[in-house]
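The values are calculated or read from the model by the stated rules, or taken from the named source; none is laboratory data. In this text, all values refer to a predicted model and were calculated from it rather than measured experimentally. When we count neighbours, we look across all protein chains shown, and the Cβ atoms used for this are built from the backbone with ideal geometry, even at glycine. Only protein heavy atoms, including side chains, enter the accessible area calculation; ligands, DNA and RNA are left aside. Shrake-Rupley method; radii C 1.70, N 1.55, O 1.52, S 1.80 Å.
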Amino acid sequence: MTMNRAQLETQLIVDESKSLKVYRDNRGYLTAGIGHLVTKHDALVYGQVISEDQCEMLFNIDVDIAVATCHRLIPNFDELPETAQQVLANMAFNLGETKLKQFRNTLDAAEKQQWARMATQMRASAWYFQVG
């Protein structure tokens, strides 16, 4: 099953917000669009305004990376229910692959489709208290 990217975008706008102006996040990193961490490759500077098209392009790249991360870490990702795919892609988007790999029990529960265990593992993490 292919994950609904529009639904993920809606959720990530709620979680990450959307800004067409480059700003510093709460850790001081340059950010733009929908939670996009600005890189040197982006050639964006603080205060710069990006277009809706640029925002969508950055978002699509970031979601592609997040979904690829999910596929690498959870071999049966496409077989999971939509809700589980959304949650895991959101985590991958927010955390990146290196940090998401540390959620070994959560990923194992997802792969085995043990949803109560997955939720318990997520709630027991520092990440849960940081993002709510």
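Springs between alpha-carbon atoms under 10 Å, Gaussian network over the chain: tell me which of Ala84, Ala43, Ala32 tops the mean-square fluctuations.
Ala43
Using Cα springs under 10 Å in a Gaussian network model of the chain, which residue among Arg117, Arg27, Arg72 shows the largest mean-square fluctuation?
Highest fluctuation of the listed residues: Arg27.
log₁₀ I(q)/I(0) of region 1-81 at q = 0.17 Å⁻¹, via Debye over equal Cα point scatterers, no solvent, to two decimals?
Rounded to two decimals, the profile gives -0.71.
Ignoring ligands and nucleic acids, what accessible area does Val45 show with a 1.4 Å probe (Å², nearest 10)?
Spelled out: Val45, probe radius 1.4 Å, area about 90 Å².
Binning at 5 angstrom from zero up to the longest distance, how are the C-alpha pair distances of region 8-132 distributed in percent?
2, 11, 21, 22, 19, 12, 9, 5, 1
In square angstrom, what is the accessible area per residue of region 1-59 with a 1.4 angstrom probe?
Accessible surface, normalised per residue, equals 65 Å².
Among Pro75, Ala110, Gln130, which residue has its Cα positioned farthest towards the positive end of the charge dipole of region 65-132, with +1 placed on the Cβ of Lys and Arg, -1 on the Cβ of Asp and Glu, and the dipole taken about the Cα centre?
Gln130
Can you give me the relative contact order of the chain as a percent, contacts being Cα pairs under 8 Å and 6 or more apart?
Answer for the chain is 19 percent.
Any idea which of Asn60, Thr39, Val49 is furthest toward the positive side of the dipole for the chain, if Lys and Arg beta-carbons carry +1 and Asp and Glu beta-carbons -1?
Thr39
Select from region 22-64 those chymotrypsin sites (Phe, Trp or Tyr not before Pro) which occupy a DSSP coil region and have at most 16 other Cβ atoms within 10 Å, ordered by residue number.
Sparse-neighbourhood loop chymotrypsin sites (Phe, Trp or Tyr not before Pro): Tyr29, Tyr46.
What is the calculated FRET efficiency for Thr2 to Tyr23, with r their C-beta to C-beta distance and R₀ = 35 Å, to the nearest 0.05?
Computed FRET efficiency for Thr2 and Tyr23 comes out at 0.60.
Per-residue HN-Hα couplings for region 81-97, Karplus 6.51 cos²θ - 1.76 cosθ + 1.60 at θ = phi - 60°, whole Hz, x for Gly and Pro?
x, 3, 4, 5, 4, 4, 4, 5, 5, 4, 4, 5, 4, 6, 9, x, 5
Return the calculated 222 nm mean residue ellipticity for the chain, to the nearest 500 deg cm²/dmol, obtained by summing -39500 (n - 2.57) across DSSP H runs with n ≥ 4 and dividing by the residue count.
-18000 deg cm²/dmol
Cross-link partners among lysines for Lys112, C-alpha distance below 18 Å, same-chain residues fewer than 8 apart left out?
Lys101
Take the solvent-accessible surface of the protein heavy atoms, probe 1.4 Å, and return the percent of it on the chain that carbon and sulfur atoms account for.
That share works out to 53 percent.
Roughly how many Å² of Met57 are accessible to a 1.4 Å probe, to the nearest 10?
100
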